Amino acid sequence: MITKKVNNVQEAIKGIESNMTIMFGGFGLCGIPENTIAALVATSISNLTCISNNAGVDDFGLGLLLQKRQIKKMISSYVGENAEFERQMLSGELEVELIPQGTLAERSRAAQAGIPAFFTPAGFGTEVAAGKEVREFNGKMHIMEEAFKADFAIVKAWKGDEAGNLIFKGTARNFNACMAGAGKITIAEVEELVPVGTLDPNQIHIPGIMVQRIFQGEKFEKRIEQRTVRVKN
């Protein structure tokens, strides 16, 4: 059995360089690869194009890379929780491509599946459709969207084995599942790394063939963006 295990996060990010395009799994602050982001912040890598559902918050997640001006372009569907992102976008320091959330997911999944492009009605008649091919299907207009092209995809999973098989937990499955295998190299950061044969094959969400490097993270903060509680009567 080929092992995908690397010894630490520094070994996992080997080969990531300035000007690359990187995909980051997670939704808000749920299921983000915390250790890998922190390791990238500690480097001098810059001018990254980041594909992610969101841009984190000011002091956590991709917000840390924004603070160090390591990101030149964000491709996202929701960015409303990050004041520094807003400042950089409005000042022209950061290039931003906002796309419908379903399109973001499908462009990731298409890259994962090796599908070069697809048609979707989302965004037709808006700025999203500018410069894109348009076709009619069943009386409805659709625009063509191309699969993402990324150098690395970085995902976070609950459990994984040394062959790269992954299991996600709850809503942390989100964009992690469709981004695994969508980059030329996929790095998986897991909470628990186990020997091959430990995981129930029927429970595996992503097979190891989609993953090139896997390591066990540590000290996960698992922050909550907006805590909502019910007042007990």
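The values are calculated or read from the model by the stated rules, or taken from the named source; none is laboratory data. The model shown is predicted, which means the values in this text are computed figures rather than measured ones. Counting neighbours? That spans all protein chains shown, and the Cβs are built from the backbone with ideal geometry, glycine included. Calculation scope for accessible area: heavy atoms of the full protein, side chains included, ligands and nucleic acids excluded. Shrake-Rupley method; radii C 1.70, N 1.55, O 1.52, S 1.80 Å.
Within the set of pairs 6+ apart or on separate chains, which have a first residue in region 168-191 that is farther than 18 Å from PHE220 by Cα, a second that is surrounded by fewer than 24 Cβ atoms within 10 Å (Cβ to Cβ) and basic (Lys, Arg), and C-beta atoms under 6 Å apart?
CYS178/ARG109
Report whether or not THR186 is assigned to a loop (DSSP other than H, G, I, E, B) and of a type in the set (S, T, N, Q).
So THR186 fails the test.
Do you know which residues across region 15-34 are open to solvent by less than 30 Å² (accessible area, probe 1.4 Å) and either of a type in the set (D, E, K, R) or more than 13 Å from the chain's Cα centre (by Cα) (or both)?
Scanning region 15-34 gives ILE16, GLU34.
Going through ALA153, ALA163 one at a time, which residue ends up being outside any helix (DSSP H, G or I), closer than 15 Å to GLN212 by Cα and in contact with a Phe, Trp or Tyr (Cβ under 9 Å, 6 or more places away or on another chain)?
Result of the check over ALA153, ALA163: ALA153.
Scan region 5-14 for residues that are in a loop (DSSP other than H, G, I, E, B), touching a residue at least 60 places away in the same chain (Cβ under 8 Å) and either in contact with a strand residue (DSSP E or B) (Cβ under 6 Å, 6 or more places away or on another chain) or open to solvent by 40 Å² or more (accessible area, probe 1.4 Å) (or both) and jot them down.
Residues satisfying the conditions are VAL6, ASN7, ASN8.
Given the conditions (1) in contact with a Cys (Cβ under 6 Å, 6 or more places away or on another chain); (2) crowded, with 24+ Cβ neighbours inside 10 Å, report the number of the one that ALA172 does not fulfil.
(2)
Can you tell me which of ILE224, ILE214, ILE167, ILE154 is surrounded by fewer than 18 Cβ atoms within 10 Å (Cβ to Cβ) and of a type in the set (A, V, I, L, M, F, W, C)?
ILE224
Among the residues of region 50-84, write down those that are of a type in the set (Val, Ile, Thr), without any contact (Cβ under 8 Å) to a residue 40 or more places away in the chain and over 17 Å from ALA105 (Cα atoms).
Hit for region 50-84 is ILE71, nothing else.
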